[in-house]
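Shown next, in structure tokens, is the structure this report addresses.
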Amino acid sequence: MTYEVQKFVHYLKEVKKTSDNTVISYERDLKKMNQFFSQQGIKDVKKITITGLNSYILFQEKQKKKPSTISRSIAAMKAFFHYLQKEGVIDKNIAEELKAPKVEKKIPVVLTKEEIVQLLEKAKGKTPKELRDSAMLELLYATGIRVSELISLKLSDVNLQMDYITCKDGDKERIVPFGTVAKQALEDYLKEGRSALIANKESSYFFTNCSGQVMSRQGFWKLVKSYAKKAGLTKELTPYTLRHSFAVHLVSNGADLHSVQEMLGHSDISTTQIYAQINQKRIREVYLKSHPRS
């Protein structure tokens, strides 16, 4: 089955031009499925049955996997077996019958504008690392891009003359503008910080770690938590907190959902609508606290 999984991953990358994040998650989920069936003595994909797939889902539930994790795993299996049927490897897509568990949509954590200022102010400084950190946080809040998109930005993706960045995900590409504060932070980092970090090494990445290498998600996340602690923020932050805050603040200031959807790179408007719901909830809370007859 390992061979079929590898061929499927190649198909997603080269033919379907699927986004990098989806390819990575599908490959990871299918490798776990492959490992499960190998331990059951099943190595031929043709011998997997719907009962077997349901057993695998039950196994994940017993391991206390989150419904969202299981749903993603099911999506990967459906796509994989559909591919196998299309290629004539199997006669029927047995994964079609699988039902994903209900995933409760959680309201994401959002920082207030005051909390954003507290966080961003703590990153300001004159050292190369502080200049980099400030530029990264300012750009993240200014554009709402994903952390994976932030750390993979190339020098050629940042246009300081026209004040926008180009985000690439597979064959998809979108242009996202940024404002004057982020622009100043980026310019300061390029003038005084980046050359000291890369230390005569060649790098096409806009941001690097202190060794001049591409920064990891984990490295950036430690950085965010460190500044959040210095700022005295008590909310439970995630790598997406600045992205969520960017979207909610845009909507609360009158931005239309389709524009926010385009900037965030959401393929479905329903994903963006959560930010309108958060804004409506916030307006309701303000009303109840402020109106004399509420």
With only Lys, Arg, Asp and Glu charged, each at its Cβ (+1 for the first two, -1 for the last two), find how big the charge dipole of the chain is about the Cα centre; round to the nearest 20 debye. 1040
Mind giving me the nanometre distance, one decimal, between the label points for Ser267 and Asn200, set 7 Å out from Cα along Cα→Cβ? 4.7
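Per residue, how big is the convex hull of segment 69-160 when only Cα atoms are used? Give it in Å³.
Dividing the Cα hull volume of segment 69-160 by its residue count gives 166 Å³.
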Residue-normalised accessible area of segment 143-248, given per residue in Å² at a 1.4 Å probe: 52
Can you work out the base-10 log of I(q)/I(0) for segment 203-273 at q = 0.16 1/Å, using the Debye formula on its C-alpha atoms alone? -0.78
Starting from the Cα of Lys47, move 7 Å in the Cα-to-Cβ direction to define the label point; list residues of segment 74-90 whose amide nitrogen is under 20 Å from there. 81, 84-85, 89-90
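For an R0 of 30 angstrom, estimate the FRET efficiency from the Cβ-Cβ distance between Leu155 and Thr112 and round to the nearest 0.05. Walk me through the numbers on the way to the answer.
Working: r = 34 Å, r/R0 = 1.12.
Computed FRET efficiency for Leu155 and Thr112 comes out at 0.35.
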At q = 0.20 Å⁻¹, base-10 log of I(q)/I(0) for segment 124-264 (Debye sum, equal scatterers on each alpha carbon): -1.34
Sticking to Cα atoms, compute the Rg of the chain to one decimal and its Dmax as the biggest Cα-Cα distance, whole number, in Å. 22.5, 70
Reduced to Cα centres, the span from segment 34-93 to segment 158-190 in Å works out to 41
Kirkwood Rh and Cα-based Rg: tell me the resulting Rg over Rh for segment 173-223, rounded to two decimals. 1.01
Carbon and sulfur atoms: what percent of the 1.4 Å accessible area of segment 53-147 do they account for? 52
With a Cα-only, solvent-free Debye model of segment 7-130, what are the log10 I(q)/I(0) values at q = 0.15 Å⁻¹? -0.76
Members of Lys129/Lys230; Lys64/Lys229; Lys102/Lys225; Lys65/Lys92; Lys124/Lys222; Lys129/Lys222 lying beyond 19 Å, as alpha-carbon distances in this model show: Lys64/Lys229; Lys102/Lys225; Lys65/Lys92
Using label points projected 7 Å from each Cα along Cα→Cβ, tell me how many nm separate Phe59 and Ala255, to one decimal. 4.3
Taking just the alpha carbons, could you work out the radius of gyration and Dmax for segment 80-127, both in angstroms? 24.1, 64
The FRET efficiency for Ser211 and Gln85, from their Cβ-Cβ distance with R0 = 51 Å and rounded to 0.05, is 0.60
Taking the Cα centre of segment 74-183 as origin, sum charge times position over the Cβ atoms of Lys and Arg (+1) and Asp and Glu (-1), and report the length of that vector in debye to the nearest 20. 160
Name the residues whose placed amide hydrogens come within less than 5 Å of the amide hydrogen of Leu111, ignoring near sequence neighbours (fewer than 5 apart) on the same chain. Ser245
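Accessible area per residue for segment 1-71 in Å², computed with a 1.4 Å probe and the full protein assembly in place, what is it?
For segment 1-71, the per-residue accessible area is 63 Å².
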To the nearest 0.05, how large is the calculated FRET efficiency for Gln277 and Trp221 if R₀ is 25 Å and r is the Cβ-Cβ distance? 0.45
May I ask for the net charge around Tyr26, where only other residues with Cβ less than 15 Å from the Cβ of Tyr26 are counted and Lys, Arg are +1 while Asp, Glu are -1? +3
Proximal charge balance of Gln118 [Cβ under 12 Å; K/R count +1, D/E count -1]: +3
Phi angles of segment 67-83, converted by Karplus (6.51 cos²θ - 1.76 cosθ + 1.60, θ = phi - 60°) into ³J(HN,Hα) in whole Hz with x for Gly and Pro, give x, 5, 5, 5, 4, 5, 4, 5, 4, 5, 5, 4, 5, 5, 6, 5, 4
For the chain, calculated [θ]222 nm from helices alone, where every DSSP H run of n ≥ 4 adds -39500 (n - 2.57): -18000 deg cm²/dmol
Between 0 and 90 degrees, rounded to the nearest ten: what's the tilt of helix 113-122 against the longest Cα principal axis of the chain? 80
What's the carbon and sulfur percent of segment 161-251's accessible surface, probe 1.4 angstrom, rounded to a whole number? 51
Positive-pole candidate from Ala75, Gln213, Pro177, dipole of the chain, charges at beta carbon: Ala75
Could you give the dipole magnitude of segment 1-111 about its Cα centre, charging the beta-carbon of Lys and Arg +1 and that of Asp and Glu -1, in debye to the nearest 20? 360
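The values are calculated or read from the model by the stated rules, or taken from the named source; none is laboratory data. The model shown is predicted, which means the values in this text are computed figures rather than measured ones. Cβ sites come from the backbone with ideal geometry, for glycine too, and all protein chains shown count toward neighbours. The protein model used for the area step is the full one, side chains on, heavy atoms only, and it has no ligands, DNA or RNA in it. Shrake-Rupley method; radii C 1.70, N 1.55, O 1.52, S 1.80 Å.
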